[in-house]
Amino acid sequence: MNCQPHWIRLVDIWLFNNQTCLLCDEALKGVLPICRACEPELPWLGDCCLRCALPLPAARLTCGECLKQPPAFEQVHAAWAYGFPVDSLIVGFKHNSKWPYGRLLAELLGQCLLDSFNCGQERPDFLLPVPLSVQRLRQRGYNQAAMLSHWLSARLNIPCREHWLLRTQDTPTQQALDAKARKRNLLQAFGLSPGAQVQGLHLALIDDVLTTGATAESLARLLLKAGARRVDVYCLARTPKPDGAP
């Protein structure tokens, strides 16, 4: 059974019939549901770790944790630090079915990624959303990472493979756990679908927020062990502190 909602039509209806900014309600002239005054006020991610995108006080640095124990994924691309109002938009999208919020953020992240590709960053072969367990998908009704993946796929012209990654265990939610507990929580939580062929591929994991990186680390290790050449992470926002929970 496919629990994903008919969100494409619903989002399109909202976008074409509500021509006001999602943040300030000002009338819009552009295509995106955010005005030119509000867009630069978003908490855009500035200087950050070259590997995990942890916000740092200076540019072109690698954080101590990544120097001490380099992650399995190659690089994290995040558009924003997890702060107001992006945090409210993500929560509305993720937990309250406010799909236009997700569409807006995906469009802006997509533009950031296109700019990065134009500057020489390697494009991945496929986008892979972080999976939900069957039980959680039934409870929520949709996987926000899968929705982001499809929007980014259209924006970037990169195929999405929604069903290559599987959540094999319905582990407790990560949000209330610290970094060590998150890692323990994810042991053997993921698997590859029988038809997934990742040998030699550059893959990008898609998620909404990266906090400790435990989920991305677990999935990246799984994919590299299966033969993937490189794994990146594309997400909307990065928490300022590794132990902060969105």
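The numbers here are math on the coordinates, done by the rules we state, and not lab data. This is a predicted model, so every value here is computed, not measured. Reconstructed Cβ throughout: ideal geometry from the backbone, glycine too, with neighbour counts over all protein chains shown.
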| How far apart, in nm, are the 7 Å Cα→Cβ label points at residue 31 and residue 116? | 2.1
| Förster radius 22 Å - calculated FRET efficiency between residue 241 and residue 38 (Cβ-Cβ, nearest 0.05) | 0.30
| task | Per residue of segment 188-196, in order, report the coupling 6.51 cos²θ - 1.76 cosθ + 1.60 (Karplus, θ = phi - 60°) as ³J(HN,Hα) in whole Hz, putting x for Gly and Pro. | result | 6, 7, 10, x, 9, 5, x, x, 6
| message | Quick check on the exposure proxy: order 98, 225, 68 from fewest to most C-beta atoms within 10 angstrom. | response | 68, 225, 98
| message | If neighbour count is taken as other Cβ atoms inside 10 Å, put 142, 101, 82 in order from fewest to most. | response | 142, 101, 82
| query | Across segment 201-216, in residue order, what do the Karplus-derived ³J(HN,Hα) couplings come to in whole Hz, using 6.51 cos²θ - 1.76 cosθ + 1.60 with θ = phi - 60° and x for Gly and Pro? | reply | 8, 9, 10, 10, 7, 10, 8, 7, 9, 10, 10, 8, x, 5, 5, 4
| field | Cα-based Lys pair tally, segment 46-238, threshold under 24 Å, eight or more apart or on separate chains | value | 6
| task | Could you list 231, 134 in order of exposure, starting from the residue whose Cβ has the fewest other Cβ atoms within 10 Å? | result | 134, 231
| query | FRET efficiency for residue 199 and residue 24, Cβ-Cβ distance as r, R0 = 51 Å, nearest 0.05? | reply | 0.55
| Between segment 20-86 and segment 87-143, what's the alpha-carbon centroid distance in Å? | 13
| field | Size of electric dipole in segment 46-238: Cβ of Lys, Arg +1 and of Asp, Glu -1, about Cα centre, debye, nearest 20 | value | 460
